[in-house]
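Working notes, structure below.
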Amino acid sequence: MIAVRDPSRDDARQRLLARLAELDARVDDIEAEQRQPLDDDFAEQAVAREDDEALDGVERAALAEIAQIRQALARIDAGDYGLCAACGQPIAPARLAAQPAATRCIACADAPAGRGGAARAA
Ligand SMILES: [Zn+2]
């Protein structure tokens, strides 16, 4: 496939880069927060630990999204952005608008076989 300059792809790249910067900043914030020493007060410590657990979840979600966005950016560079990584069909523009980092069409994303669950179940 020939990588054509496509304004909608440039637009997607801008959106992905903006989102990536936002997520990078969030992960930095979380890590700075987690480096803070625990308070001497026991009740404060308990609250801080709960916060840390919540932050871990947020950080994991952010890191997963960062990985997805990097993949989507690589696909833009390769010229196959917007095509389903599983079936090769174009991903619906509405899906890409809602989820610029989507690498699979809605049918493949919904297919249980496409989730890689089998490898993890072993
Ligand atoms: Zn597909």
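So here's what we get for this one:
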{"item": "Formal net charge of residues neighbouring Glu65 (Cβ-Cβ distance under 12 Å; K, R +1; D, E -1)", "result": "+1"}
{"item": "Extension gain from Glu50 to Ile106, taking 0.36 nm per residue of separation minus the Cα-Cα distance", "result": "16.6 nm"}
{"item": "Cβ-based net charge around Ala98, under 13 Å, with every Lys or Arg adding one and every Asp or Glu removing one", "result": "+3"}
{"item": "Peptides ranked, highest mean first, by Cβ atoms within 10 Å: ranges 65-74, 92-101", "result": "65-74, 92-101"}
{"item": "Full-stretch length increase - Ala25, Arg70 - with 0.36 nm per residue and alpha-carbon distance subtracted", "result": "14.7 nm"}
{"item": "Only Lys, Arg (+1) and Asp, Glu (-1) charged, at Cβ; the chain dipole about Cα centre in debye", "result": "1320 debye"}
{"item": "Sites Arg15 and Arg35 - FRET efficiency at Förster radius 22 Å, r taken between beta-carbons, to 0.05", "result": "0.10"}
{"item": "Mean projected area (nm²) of the alpha-carbon convex hull when segment 7-81 is viewed from all directions", "result": "5.2 nm²"}
{"item": "Residue-count net charge about Ala25 - beta-carbon cut-off 12 Å; Lys, Arg +1, Asp, Glu -1", "result": "-3"}
{"item": "Furthest towards positive pole of dipole, Ala32, Ala78, Ala54, structure part segment 7-81, Cβ charges", "result": "Ala78"}
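Quick note: the coordinates plus some simple rules give every number you see, no bench work behind them. Please read these numbers as outputs of a predicted model, since none were measured by experiment. Virtual Cβ from ideal backbone geometry, glycine too; neighbours counted across all protein chains shown.
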